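Asks: Questions regarding the structure given below will be posed in turn.
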């Protein structure tokens, strides 16, 4: 009888302990958020680049990369460079957040106020049964033209521009029907290649012109980021008759 009483006492103590602890609670659902800011934050010159830096954060982790959408802005060129995302880890109001950051590049093509609507991005937080969506805040910036540039078409801004021209074969006596290729390569410091305006290789009476698709490439360094953009325009000219021909000059404004 004493042994049974002792067992009941132990069982009662165990029940009291469980009641004191309360029911087990599930892990809280992960929180997610999106932040965005512009670099530079103030007015910019039309034709230069504005970075839209987007941070995606969660209180758990991302099981796979977010879906970064392309979007449009009227009178501007929007690009998302193929660069590695930057990993984030920070404390916000006592909570640990983890995430990634990438930067869109926006090149305004006119002088006005540009409005960037919220961008919906699909993310995959750990601890959720499926994907979720977050939206960036709406932002705006002002682009201006420097004095004297109002008549430029198009307006092209770059801190430095170098231009190289090649003629192949070297100018001289060519047989009728033989091609002469003219190539102009522009390299602009700190500028995306897509922003470099084309070099117009005009028609020449007596020569048949065969334009080639433009070639573009960007020069990127790990620490410096974008170093320069390059654009190459070329065309072949074929003489349809004998005579003396002159290729017109090409004027580039920046």
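Every number here is computed from the coordinates shown, using simple stated rules; none is lab data. Since this is a predicted model, take the numbers as computed values, not measurements. Backbone-built Cβ (ideal geometry, glycine too); neighbour counts: all protein chains shown.
Asks: Relative contact order of the chain, please, whole-number percent, based on alpha carbon pairs below 8 angstrom and at least 6 residues apart.
Replies: 16 percent
Asks: Express in nm, to one decimal, how much length is gained between residue 79 and residue 64 on full extension, taking 0.36 nm for each residue of separation and deducting their alpha carbon distance. Working shown, then result.
Replies: On the way: separation 15, 0.36 × 15 = 5.40 nm, distance 2.21 nm.
Contour length minus Cα-Cα distance gives 3.2 nm.
Asks: Once the Cβ-Cβ distance between residue 200 and residue 71 is put in as r, and R0 is 41 Å, what FRET efficiency do you end up with, to the nearest 0.05? The partial results should precede the final answer.
Replies: On the way: r = 31 Å, r/R0 = 0.75.
Plugging the Cβ-Cβ distance into 1/(1 + (r/R0)^6) gives 0.85.
Asks: Still on this structure, I have one more. State the antiparallel share, in %, of DSSP beta bridges confined to the chain, rounding to the nearest 5. Before the final figure, lay out the partial values.
Replies: Values: 71 of 73 bridges.
Looking only at bridges with both residues in the chain, the antiparallel portion is about 95 percent.
Asks: Taking a label point 7 Å from the Cα of residue 168 along the Cα→Cβ vector, which residues of region 212-246 have an amide N closer than 12 Å to it?
Replies: 234-236
Asks: Determine Rg/Rh for region 135-223; Rg is computed over alpha-carbon atoms and Rh is the Kirkwood hydrodynamic estimate from the same atoms. Intermediate values should be presented prior to the final figure.
Replies: Values: Rg = 18.9 Å, Rh = 17.1 Å.
We get a ratio of 1.10 for region 135-223.
Asks: Same structure again: Most fluctuating residue of 205, 137, 66 in a GNM of the chain with Cα springs under 10 Å: which is it?
Replies: Comparing 205, 137, 66 in the GNM, the peak value goes to 205.
Asks: A follow-up question, please. With a Förster radius of 25 Å, plug the Cβ-Cβ distance of residue 240 and residue 216 into 1/(1 + (r/R0)^6) and report the FRET value to the nearest 0.05. Could the numbers behind the result be given before it?
Replies: Numbers: r = 31 Å, r/R0 = 1.24.
It comes to 0.20.
Asks: Top mean-square fluctuation among 117, 199, 178, Gaussian network model of the chain, C-alpha springs under 10 Å?
Replies: 178
Asks: Using only the Cα atoms of region 191-245, construct the convex hull and provide its projected area averaged over every direction, in square nanometres to one decimal. Don't skip to the answer; put the middle values down first.
Replies: Details: hull surface 18.1 nm².
Value for region 191-245: 4.5 nm².
Asks: Say we join alpha carbon atoms closer than 10 Å with springs in a Gaussian network model of the chain; which of 167, 57, 139 then has the biggest fluctuation?
Replies: 167
Asks: In whole Å, what are the extents of region 32-144 along the principal axes defined by its C-alpha atoms, from largest to smallest?
Replies: 46, 27, 23
Asks: Counting only helical runs of four or more DSSP H residues, what would the 222 nm mean residue ellipticity of the chain come to if each run contributes -39,500 (n - 2.57) and the total is spread over all its residues?
Replies: Using -39500 (n - 2.57) per qualifying helix, the result is -2500 deg cm²/dmol.
Asks: Normalising by the residue count of region 161-239, find the relative contact order in percent from Cα pairs under 8 Å and 6+ residues apart.
Replies: Details: 164 pairs, mean separation 30.6, N = 79.
After rounding, I find 39 percent.
Asks: Quick one: 84, 37, 173, fewest Cβ neighbours within 10 Å first, how do they rank? Display every interim value, and only then the final one.
Replies: On the way: 84 8, 37 13, 173 5.
Neighbour counts put them in this order, fewest first: 173, 84, 37.
Asks: Next question, about the same structure. Return one number: the angle in degrees, 0 to 90 and rounded to the nearest 10, between the long axis of the Cα atoms of helix 2-21 and the longest principal axis of the Cα atoms of the chain.
Replies: Once rounded, one gets 30 degrees.
Asks: Now for a different question. Residue 91 to residue 209: extension gain in nm, 0.36 nm per residue of separation minus the Cα-Cα distance? Can you show the working numbers first?
Replies: Working: separation 118, 0.36 × 118 = 42.48 nm, distance 6.22 nm.
The residue 91-residue 209 span can extend by a further 36.3 nm.
Asks: Using only the alpha-carbon atoms, what does the chain span along each of its principal axes? Please give whole angstrom values in decreasing order.
Replies: Sorted from largest, the Cα extents of the chain read 127, 41, 28 Å.
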